[in-house]
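Presented below is the structure to which this report refers.
The values are calculated or read from the model by the stated rules, or taken from the named source; none is laboratory data. Keep in mind it's a predicted model, so treat the numbers as computed, not measured. Glycine also receives a Cβ, built like all others from the backbone with ideal geometry; neighbour counts cover every protein chain displayed.
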Amino acid sequence: MKTILLTGASGRIGQCLRRGMRDDYRLILFNRSAIADLGPNETLIRGDTTDAERVEQAARGADAIVDMAGISDVQGFRDKLLPANILGTYNVFEAARVAGVPRVVYASTHHVVGYYPAGQIIDETVPIRPDSMYAVTKCFAEAMGRLYAEKAGLSAVCLRIGFFQDRPLEERHLAVWISPADMTRLVRCAVEARDIHYEVVYGVSNNSRSWWDLTRARRVLGYHPSDDAEVYATELLKDPPSAWLERIQWQGGSKVDLPFMP
């Protein structure tokens, strides 16, 4: 049974991963607040990723770090994003290096390519086009993963996660939704895949309208998503349904239109 350090364990994705993985892995839950419903394979360590020493202590003995901590939305850069998503990300990768953890699975975001037009099919090789300062911090993290893979010999997998929720809620989500089951499936694949140096893959379900090519995720990670947002299309599509892409300009959706937040 592998040991995984899961940061951000009380977040929406963190809770999903706990439910889907705690029967098969020892989970070290790294979280700022208390967690009441610990299972038999779960251990809680309270802390914040901005505390380098605390993260390093938590990482000792882990086989992988699944980093779901940080801020996952547009907020002020100096006071919110800088400590959580820049310093915190650095501390996680450095803790893996110092503690000898061989793999880091990092929660990036599809917003690093948010300025690609809706409807354009892209893969992980396209140049980044971040749609917000939040997305810029995730570009930084992907570069951090590459650096630690090259210079420190870590194995790093960056997941460009789409819209994660129990179900899609708007038209754009028909292309970018990832279900809880597929999210768990993707992280399991990212933890277990062999011979991984550095990979960037999209975290998305098997959506009929998807804009993201999953060929490499399938081939390298063995990720085969099973859910499809199309089952919600009749409910979510506005009239006329055939014009849905005309109503969506960018893959990043509304984040493209948000102002800078210093």
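Residue-level check: of (1) buried (at least 20 other Cβ atoms within 10 Å of the Cβ); (2) out of contact with any helix residue (DSSP H, G or I) (no Cβ under 8 Å at 6 or more places or on another chain); (3) of a type in the set (Asp, Glu), residue 257 misses just (1).
So if I check each of 38, 27, which one is free of Cβ contacts under 8 Å to residues at least 40 places away in the same chain and buried (at least 22 other Cβ atoms within 10 Å of the Cβ)?
Values: 38 fails: buried (at least 22 other Cβ atoms within 10 Å of the Cβ).
Just a single option satisfies the conditions, and that option is 27.
Scanning the stretch 107-134 for residues that are more than 15 Å from residue 71 (Cβ to Cβ) and hydroxyl-bearing (Ser, Thr, Tyr), which turns out surrounded by the most Cβ atoms within 10 Å (Cβ to Cβ)? Only one residue tops the list, namely 116.
For (1) in a loop (DSSP other than H, G, I, E, B); (2) touching a Ser or Thr at 6+ places or on another chain (Cβ under 9 Å), each residue gets a yes or a no:
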{"site": "36", "(1), (2)": "yes, no"}
{"site": "48", "(1), (2)": "yes, no"}
{"site": "53", "(1), (2)": "no, no"}
{"site": "62", "(1), (2)": "yes, yes"}
{"site": "65", "(1), (2)": "no, yes"}
{"site": "72", "(1), (2)": "yes, yes"}
{"site": "85", "(1), (2)": "no, yes"}
{"site": "93", "(1), (2)": "no, no"}
{"site": "96", "(1), (2)": "no, no"}
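Residues that are acidic (Asp, Glu) and either over 27 Å from residue 125 (Cα atoms) or modelled with pLDDT under 95 (or both) within the stretch 203-245 comprise 235, 239, listed in sequence order.
Tell me, which residue of the stretch 6-18 that is farther than 16 Å from residue 192 by Cβ and touching a residue at least 60 places away in the same chain (Cβ under 8 Å) is surrounded by the most Cβ atoms within 10 Å (Cβ to Cβ)? Give the derivation first.
Step one: filter the stretch 6-18 for residues farther than 16 Å from residue 192 by Cβ, giving 7-16, 18.
Pick out the ones that are also touching a residue at least 60 places away in the same chain (Cβ under 8 Å) and you get 7-8, 11-13, 16.
Working: 7: 30, 8: 25, 11: 18, 12: 15, 13: 23, 16: 19.
Per the stated criteria, the residue is 7.
Test of understanding: among 194, 160, which residue is of a type in the set (Lys, Arg), modelled with pLDDT of 95 or more and in contact with a Ser or Thr (Cβ under 8 Å, 6 or more places away or on another chain)? Working first, answer last.
Details: 194 fails: in contact with a Ser or Thr (Cβ under 8 Å, 6 or more places away or on another chain).
Being of a type in the set (Lys, Arg), modelled with pLDDT of 95 or more and in contact with a Ser or Thr (Cβ under 8 Å, 6 or more places away or on another chain) holds for just one of 194, 160, which is 160.
Of the helices (runs of 4 or more DSSP H) lying entirely inside the stretch 164-250, those containing at least 3 residues that are buried (at least 17 other Cβ atoms within 10 Å of the Cβ) and of a type in the set (D, E, K, R) are 180-192. Of everything listed in (1) of a type outside the set (Asp, Glu); (2) over 23 Å from residue 118 (Cα atoms); (3) in contact with a Leu (Cβ under 7 Å, 6 or more places away or on another chain), the single unmet condition for residue 221 is (3).
Exactly one residue out of 43, 50 is within 21 Å of the chain's Cα centre (by Cα) and among the β-branched types (Val, Ile, Thr): that is 50. Are any residues in the stretch 101-144 assigned to a loop (DSSP other than H, G, I, E, B) and in contact with a Lys or Arg (Cβ under 8 Å, 6 or more places away or on another chain), and if so, which ones? Those that are assigned to a loop (DSSP other than H, G, I, E, B) and in contact with a Lys or Arg (Cβ under 8 Å, 6 or more places away or on another chain): 114, 115, 116, 118, 123, 124, 130, 131, 132.
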